[in-house]
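Rule-based calculations on the coordinates, nothing more; no lab input. All figures in this text were calculated on a predicted structure; none of them were measured in a lab. Glycine gets a Cβ as well: all are built from the backbone with ideal geometry, and neighbour counts include every protein chain shown.
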Amino acid sequence: MFAAVLSVVEPQWFHMNNFNFLPSRFMGTMNNFVLIAVPLFVFMGIMLDKSGLAENLLETMALLFGRLRGGLAISVVIVGALLAASTGIVGATVVTMGLISLPTMLKKGYKPELATGVIASSGTLGQIIPPSIVLVLLADVISSSSRSSQTVDVGTMFKAALIPGFVLVLIYIVYIILFSLFNKDAAPAISQEELAAAKEKGFALRVVKAFLLPMFLIMAVLGSIFAGVASPTEAAAVGAFGATLLSIFQGKFSLSMLKEVMQETTKLTSMVFLILLGATTFSLVFRTLGGDVYLVDLITRSQLPPMAFLALVMMVIFVTGFFIDFIEIIFIIVPVITPIFDAYDMNLLWIGVLIAMNLQTSFLTPPFGFALFYLKGVAPEGVTTQQIYRGIIPFVIIQLIFLGIIILFPQIVTSFV
């Protein structure tokens, strides 16, 4: 009876037998060596969050830059960049900086919009600064969707995103400095008395220690990839082991903490892979129906210029990021548009970095900006959702302007690979 129903419901141009290919696709995904890096990087980020590394960094950087107007905000940006280059976990970074820095910034007289905007935007730097789960997933999806000889491996994607990521950090800092000059009451400096009291004996050693630990991990992970010593997956394993060693060195390691880290890693990894398997099913149906061929043919026959199509894709991804998680965008939209960029003979590595930069804004744009919810969850009483929303507007604009600059000057991405 079920077969009879299927024969009636099933369209002539689609056969249920096509789903026989689904198990092999699932196994191909689960056996993908590159994707092993995802749980390893997640483990590394959560372990570092539990080790207290972020807390030490924030407190030390606040003392170093506290004498400047906007110095606390600058320290948050720098710490966000360092945590991005060593963890890449947005939720952990935003929550940690929100708990430690936000009450201090508000107490020192910082404007709530500036304080929340800086923390939320700095926390999302882990999406563009390697090692980033977004870059790992993008490289894998683009390579598997490409129909030409162009391949985008994870290591090359990391190299391509490194310069744009740190240039974005510099732009954030420049904006904070300019904002502080024209709005002196919104970002005051810490008084000399407070700084003198905080900089007790042994401060120099504390600074060295605070910087040395994350730099050790960054060099172990990114250095091994860029030097060609290890693949990204192997480097992720090195990072997970290094993060565990750092937590032991900090005196924070315990079996109960290890169990908690492993449980959180399992939950996050399961979520990513369940979405991936769902997107694989969608992709199978889409391609079986000839959707990818139809789209490529439609765009080609419409004689839409390559840059016009790129602008259209960037706009669609930006708007979609208001409502859909970055993982769904990568696994659903990217496989559809990659063959079209291939047909235009555009540099897929450059396209990948543009998409990653665009996806970063999805963490900041309401109503479903995850960084905003993370920050609101730990914000002190009195900080409103409206203040958080207003605070991220300048940083979203900065990201969009910088995205346009990378589109106009692709050498920012391609010249350093």
Would you mind computing, in nm to one decimal, how far apart the modelled labels at Leu408 and Ile163 are, each placed 7 Å from Cα along Cα→Cβ? 1.7
Say R0 is 41 Å: what FRET efficiency, to the nearest 0.05, do Leu170 and Leu289 get from their beta-carbon distance? 0.35
Given points 7 Å out from each Cα along the Cα-Cβ axis, report the Leu181 to Phe216 separation in nanometres with one decimal. 4.0
Cβ neighbours within 10 Å, averaged per peptide: list 236-248, 166-178 in order, most packed at the top. 236-248, 166-178
Reported to two decimal places, what Rg/Rh ratio describes the range 286-417 when computed on Cα atoms with Rh from the Kirkwood expression? 1.05
Short version: ³J(HN,Hα) in whole Hz for each residue of the range 162-178, in order, from phi by Karplus 6.51 cos²θ - 1.76 cosθ + 1.60 (θ = phi - 60°), x for Gly and Pro, what are they? 4, 5, x, x, 6, 5, 4, 4, 4, 5, 4, 5, 4, 4, 4, 4, 5
Sorted on mean Cβ neighbours within 10 Å (highest first), peptides 38-46, 157-165 come out as 38-46, 157-165
Against the 2.2 N^0.38 Å rule of thumb, the C-alpha Rg of the range 51-169 sits at a ratio of 1.22
Please report the relative contact order for the range 34-414, taking Cα pairs under 8 Å with a sequence separation of at least 6, and give it as a percent rounded to a whole number. 28
Phi angles of the range 306-319, converted by Karplus (6.51 cos²θ - 1.76 cosθ + 1.60, θ = phi - 60°) into ³J(HN,Hα) in whole Hz with x for Gly and Pro, give x, 5, 5, 5, 4, 4, 5, 5, 4, 5, 5, 5, 5, 5
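Quote the Stokes-Einstein diffusion coefficient, in whole µm² s⁻¹, for the range 34-414, based on the Kirkwood radius over alpha carbon pairs, a temperature of 4 °C and a viscosity of 1.567 mPa s.
The estimated diffusion coefficient comes to 61 µm²/s.
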How far is it, in nm, from the label point at Met307 to the one at Phe249 when both lie 7 Å from their Cα along the line to the Cβ? 4.8
Through the Karplus equation 6.51 cos²θ - 1.76 cosθ + 1.60, θ set to phi - 60°, convert the phi angles of the range 346-353 into ³J(HN,Hα) values in whole Hz; use x for Gly and Pro. 8, 5, 5, 5, 4, 4, x, 5
